[in-house]
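In what follows, a structure is listed as structure tokens, so that the remarks can point back to it.
Each value in this text was obtained by applying a stated rule to the coordinates, not by laboratory testing. Everything quoted here is computed from the prediction, not taken from an experiment. Here the Cβ positions follow ideal geometry from the backbone for every residue, glycine too, while neighbour counts run over all protein chains shown.
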Amino acid sequence: MNLTLKIWRQKDAQSKGKMVDYKVTEISEHMSFLEMMDVLNEQLINSGEEPVAFDHDCREGICGMCSMYINGEAHGPDRGVTTCQLHMRMFKDGDTITIEPFRAKAFPVLKDLVVDRGAFDRIQHAGGYISVNTSGNTQDANSLPISKHAADEAMDAATCIGCGACVASCKNSSAMLFVGAKVSQYALLPQGQIEATDRVKNMVAQMDLEGFGNCTNTGACEIECPKGISLDNIARMNRELLKANF
Amino acid sequence: MSVLDSKVPKGPLKDKWTDYKNHIDLVNPANKRNIDVIVVGTGLAGGSAAATLAELGYNVKTFCYQDSPRRAHSIAAQGGINAAKNYQGDGDSTYRLFYDTVKGGDYRSREANVYRLAEVSANIIDQCVAQGVPFARDYGGLLDNRSFGGVLVSRTFYAKGQTGQQLLLGAYSAMNRQIARGKITPYNRHEMLDVVKVDGKARGIIARNLVTGEIERHSAHAVVIASGGYGNVYFLSTNAMGSNATAAWKIHKKGAFFANPCYTQIHPTCIPRSGDYQSKLTLMSESLRNDGRIWVPKNMEDVIAIREGKKKPTDLSEDERDYYLERRYPAFGNLVPRDVASRAAKERCDAGYGVNATGEAVYLDFASAIQRYGKEQAKIHNITNASADKIYELGAAIVKAKYGNLFQMYEKIVDQDPYKTPMMIYPAVHYTMGGVWVDYNLMTTVDGLYCIGEANFSDHGANRLGASALMQGLADGYFVLPYTIGDYLSNEIRTGKIPTDTPEFDAAEKEVTEKINFFVNNKGTHSVDYYHKKLGNIMWEKCGMSRNSTGLKEAMVEIKALREDFYKNVSVPGNANEFNSELEKAGRVADFLELGELFAKDALEREESCGGHFREESVEIDGEQEGEAKRNDKDFAFVSAWEYKGEPGEAVLHKEELEFNEIELKQRSYK
Amino acid sequence: MSGFFKSSIGRKYAMALSAFFLMFFLLQHFAINILSVFSPDAFNEASHFMGTFWAVQYLLQPVLIFGVVFHFIMGFILEAKNRSARVVKYASNNGAANSSWMSRNMIYSGLAILGFIVLHFIDFWLPEINTKYIQGDMSGLLADGDGFRYYEELTHKFVNPIRVVAYIVAFVFLSLHLMHGFSSAFQSSGVSSMRKEKLQLFGKAYAIIIPLGFIFIALYHHFNH
């Protein structure tokens, strides 16, 4: 199929960017979206232009590196997939596809479609851990039974890949789904209880400091999340913060 | 006497590690504050090592090319992590895990290292649980296990199909704690481009800030390389797009020997290539072979009809199908080890029986599993005279419960419903057992330079067992390196801060800058990917699942010629001092173009078939095992460690003889 | 805890608490108003009680005014913060793909309700205050002394069709606001069970029935007088 692409081009963090139109031809419907981008870039390189910079790595939907806003949706129109798993069969011959970086004040654009998601890391530095030393004498793993239900729920929260689609999709650029998932994973496990109070306070404080917006419960994040992280995690984080303060 | 000293401690195998730990020199806490360590790569090995070293008190700098340590490719591991916990009471033990790993590696790994790995495996699970890793549990609240990779016990711990992700996030959380304390400084979106040696010791690295293009100098008292494997030398592999061998290759060029580069694992169950634009391959968990039956059509007419879309695989009757694994290996059938299953698929496809347009795919069929489970369920639920539809429905539900997420992933990628039509699979490069040579301390042949995880060669011999990569990465990082590096650093307490304004740093930086400037100024005619794909093609055709002397010799010549062409005609748009993905790729492919040649040379040298390395000249010529891989313990029970001499083709071979005192060497048989 | 209400989540709690209070007030207001349809006398009795009982006038009324003002001001503060969290807007944004119109436009339905409240204050509240506290007439009787004035005043207001239409439009916005706001308040205050179907259904029912009831009252009086 033949497509028109409208892509955000921005030289670096300081420069202003703009949308630029490109044409690609003979795109197979079996290609992944990023393979289509590879075709475009090969074409640009061969004609002496600079290729479009975009983040990507594992290309199997788990590393969380890829991050495009395609036709008005984070990771494009398909559900439960990252951009790297989006396939061109979701589009039709002659389509115009708009491709933008994830947009948020807390995710500054570094170049073209590449953004800096360091804010997520800093939130995790603030409390995304359990303080346990590596001794080799830690208590036996089975000395602490954890109900299957709690373990499964913690796992569901822990599947977050930190891609930032929640922030990108949220009309308020809120990071609460991400932070909620991280807080929830530890809140659901007995190991996480000891530091629960400080953890949620510090992580929320860092989240606020980074300039993310507030949650207004539109639910867009949950729909666009490639891993289907539930809004319940935000409610749980809210409860945890309340518990921590009163 | 070889120049290689493995430094394996004396004494009985089971006491070596304990005795070693009891006798090493320690660094006192006050002195640790004055010692810097650089860790390159933040996957399971690098992340866990960085966290543990920082916890001990060393000042750690971590480097990764991704935007966050959490994205290292360890994250993609699906199946699980082995540990000799014997929670299932099925007779597992440290010895059994050790034995299985050595045997699975086709007797080409170092006994003492593997035993230590098995010994610390149980600690890993304890550590990860304490960190909050949500492993799967049973209804009693205790940890669940699954069996994996054709061993006789259930010792694999897992977190859904995302074990690697959860373990990496665990290691990353341990890093977070140290970053918050200021003991780890993370350098994300940074790539190490060279190691700096001062008086023969590793004293720092040259790194490029991938956002600004700035070249940076970082000094340390020891450097740890944990940059993963080199599977991307094949262009198409299950590795991440950015996975590269640059750090490992650069240290090789600076004096670290490179061991067994030809040992590559080719995983049998990956989603096949769909066209020339393919950028990478996706793995489907090995567990699928527990229920799926692998086949291709018996008759060539059917193959052609299927490729042309005139027939569907479900149109073929049982006797028109060739279940070739069941035919060739009646004892193990579809559950033969990875290397055997992969070669058998290649054999059928080379003979022309591949079932998709590219001719490189075989079927993995769940129809009989669905029937079998359906009938079983009908019996359990007391449904007499169940209709075919009902049986299918019941059976499909069981298959869905076991493999639902994999089936969904397949459907998203291929757009076919694997409940209704057989999956198509083909082998793909997955893991590299070879890597930088290290001694028992995980130190390379350069003082103060360590190598851990997939980047080193040490524990998997010629073939890795399923669920052992995660185990090795974390064992090295959490429980081995922090001790062994301390022994070395105890001599560094009086060294003081290492300055970066020395001639050694000047020279290394100059070399790096010149290379970068060369690329951006070359203005050639072909993209980096053009060369990477060509290299991948040579590797796959001539150094792939089966290798022969002629092909390997050709490969060496072709790779060398390709490398020369690359340096003449590669085109890298953009500038050096900016975010430039093409420039990053150019440096990595340049290293692959050298590594590939050494790979072929190593494969040529090893005139035996073992594990993932299959030499067509070395097969059983008669008897029951006719046509199967033939290992040659008399002449090849050694580690090939290559010393760089200016050109990959001129590398010098050093042999580390492997001694087996605890295990009797046997031929693997799956007939 | 002092920092709690400065945090993004603390503010959401505050927003939710004021919303709960307002939703309860709305229910109470509706309960009294609907009396006007069934029994003008009962409506008059209830109105007089609410209008003159000291606890309602001097305790609940200021709390209500504070609640309304707080909900609006906090709404504006959060909106401003939310808007500043994305400096460069998307060239193409498909919000409808992942969220309801109501949830994305709370500020606009809220502003419509604010407009309505201004109108409503001019219509009812200011005259009340004037009568009771400026002119000092706490009797609640009509000028001619023939019974309570509340029902008369109510029906009188709904004669004008323009006002009725304005009220209907405002209540449609109220419905839209509640359609998201009801469940959102629960979610913000940490009740994830709000996502269970029954509570969702209850919220939807509330968001439709209450405004619809107010619309019914307005229309009823318009066509019956």
Between the residues B:W540, B:A629, B:T525, the Cα farthest towards the positive end of the dipole of region B:522-631, that dipole coming from +1 and -1 charges on the beta-carbon of Lys, Arg, Asp and Glu, is from B:T525
Using alpha carbon centroids, what distance separates region B:316-364 and region C:56-78, in Å?
74
For peptides A:140-146, B:483-489, sequence by mean Cβ density within 10 Å, most packed first:
B:483-489, A:140-146
Taking chain B as the reference, fit the longest principal axis to its C-alpha atoms, fit the long axis of helix B:111-131 to the helix C-alpha atoms, and give the angle between the two in degrees, 0 to 90, nearest 10.
90
At what distance in nm do the modelled label points of B:T421 and C:F20 sit from each other, each positioned 7 Å from its Cα along Cα→Cβ?
5.6
Ratio Rg/Rh, restricted to region A:3-111 and using Cα atoms, in which Rh is the Kirkwood radius:
0.94
From the alpha carbon gyration tensor of region B:522-631, can you work out the equivalent ellipsoid semi-axes (sqrt of 5 times each eigenvalue) and give them in Å, largest to smallest?
36, 12, 10
Given the peptides B:659-665, B:194-200, arrange them by the average over their residues of other C-beta atoms within 10 Å, most packed first.
B:194-200, B:659-665
What does the average come to when, for each residue of peptide B:47-54, you count the partner chain Cβ atoms lying within 10 Å of its Cβ?
1
Could you state the angle between the C-alpha long axis of helix A:232-245 and the longest principal axis of the C-alpha atoms of chain A, as a value from 0 to 90 degrees rounded to the nearest 10?
40
Given a cut-off of 21 Å, what percent of all Cα-Cα pairs of region C:9-143 lie beyond it?
55
Could you give the distance between the Cα centres of region B:602-628 and region A:40-95, to the whole Å?
43
Helix check for chain C. Which DSSP H runs span at least 30 Å along their own axis by Cα, with a mean Kyte-Doolittle hydropathy no less than -1.0?
C:8-38, C:61-84, C:161-188, C:197-224
Under a Cβ-only charge scheme (Lys and Arg +1, Asp and Glu -1), can you give me the dipole magnitude of the protein assembly as shown about the Cα centre, in debye to the nearest 20?
2040
Ratio of Rg to Rh for chain A, alpha carbon only, Kirkwood?
1.04
Semi-axes a, b, c in Å (a largest) for region B:597-671, each sqrt of 5 times a Cα gyration tensor eigenvalue, come to 27, 17, 8
Quick one: which of A:K18/B:K585; A:K92/C:K89; A:K105/B:K280; A:K16/B:K585 span more than 31 angstrom between C-alpha atoms?
A:K105/B:K280
Which of the lysines could a cross-linker span from B:K85 if the Cα-Cα distance has to be under 18 Å and same-chain partners fewer than 8 positions apart are dropped?
B:K14
With a 10 Å cut-off between alpha carbons and a GNM built on chain C, which of C:V159, C:V68, C:V191 moves the most?
C:V191
So, in Å, what gap is there between the alpha-carbon centers of region B:267-315 and region A:166-242?
42
How much space per residue, in cubic angstrom, does the convex hull of the C-alpha atoms of region C:123-206 take up?
149
Can you pull the three principal axis extents for the Cα set of region B:194-329, in Å, largest first?
70, 36, 23
Among A:I70, A:I45, A:I161, determine the one that fluctuates most according to a GNM of chain A built with springs between C-alpha atoms less than 10 Å apart.
A:I45
Would you work out the charge dipole size for region B:145-268 about its Cα centre, treating the Cβ of every Lys and Arg as +1 and the Cβ of every Asp and Glu as -1, and quote it to the nearest 20 debye?
320
Identify all lysines with a Cα-Cα distance to B:K666 below 21 Å; exclude those on the same chain that are fewer than 8 residues away in sequence.
B:K103, B:K630, B:K634
At 25 °C and 0.890 mPa s, grab the translational diffusion coefficient of region B:269-428 from Stokes-Einstein with a Kirkwood Rh over Cα pairs, rounded to a whole number in µm² per second.
150
Here Rg/Rh (Cα, Kirkwood) for the protein assembly as shown equals 1.04
Rounded to 5, the percent of DSSP beta bridges in chain B classed as antiparallel
70
Taking region B:203-266, the whole-percent share of alpha-carbon pairs separated by over 18 angstrom is 48
How many Å³ per residue does the convex hull of the Cα positions in chain C occupy?
160
Can you flag which of A:K6/C:K81; B:K201/B:K250; B:K542/B:K655; A:K182/A:K227 are past 18 Å Cα-Cα?
A:K6/C:K81; B:K542/B:K655
If one compares the long axis through the Cα atoms of helix A:148-158 with the longest principal axis of the Cα atoms of chain A, the angle in degrees, nearest 10, works out at 40
Summarise the partner chain shielding of C:96-109 as one whole number: the mean count of Cβ atoms from other chains within 10 Å of each residue's Cβ.
4
Would you calculate the convex hull of the Cα atoms in region B:376-533 and tell me its volume per residue in Å³?
230
When the C-alpha atoms of chain B are aligned to their principal axes, what extent does each axis show, in angstrom, from largest down?
82, 61, 49
What fraction of the Cα pairs in region A:117-245, stated in percent, has a spacing above 18 angstrom?
52
Computed over region C:173-225, Cα set: Rg, Dmax in Å:
14.0, 47
Per residue of the protein assembly as shown, what 222 nm ellipticity follows from adding -39500 (n - 2.57) for every DSSP H run with n ≥ 4, rounded to the nearest 500?
-13500 deg cm²/dmol
Shielding score for A:237-245, defined as the mean number of other chain Cβ atoms within 10 Å
5
Compute the longest continuous run of chain A that contains no exposed trypsin sites (Lys or Arg not before Pro); treat a site as exposed when its DSSP state is not H, G, I, E or B and it has at most 10 other Cβ atoms within 10 Å.
A:93-246
